[in-house]
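Worksheet: the structure to be examined is printed underneath.
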Amino acid sequence: MNQKRQCGMAVNALTSAEILAWQARHGVRFDPFEESVIDRLDALFIYHQNKKVNSDLP
C-alpha cells in the first residue's frame, strides 16, 4: 500500500495534498529536492514513532 494513505487513528504520513495546501497558505513553493527531504523526514518520524509505540507494548 501507498505510504501516504491515511490509516485511522495511527500516526500517518503527510499527504501531498497537505503539503500543497501548506505551500499555498504560506505563499511558497518547494523545489523537488525540498519535497524529497520532507518525505524522508516524515518517514523517519513515523519510523521512530512506531518504534516507540511498539516498545511500550508488553
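The values are calculated or read from the model by the stated rules, or taken from the named source; none is laboratory data. The structure presented is a predicted model; accordingly, all values stated were derived computationally and were not measured. In this analysis, Cβ positions are derived from the backbone assuming ideal geometry, glycine residues included, and neighbour counts consider all displayed protein chains. To get the accessible areas, we keep the full protein, side chains included, count just its heavy atoms, and leave off ligands, DNA and RNA. Shrake-Rupley method; radii C 1.70, N 1.55, O 1.52, S 1.80 Å.
Regarding segment 10-32, can at least one residue be identified that is modelled with pLDDT under 90 and surrounded by fewer than 10 Cβ atoms within 10 Å (Cβ to Cβ)?
No, segment 10-32 has no match at all.
For segment 33-47, enumerate the residues that are open to solvent by 100 Å² or more (accessible area, probe 1.4 Å) and of a type in the set (Ser, Thr, Tyr).
The one that is open to solvent by 100 Å² or more (accessible area, probe 1.4 Å) and of a type in the set (Ser, Thr, Tyr): 47.
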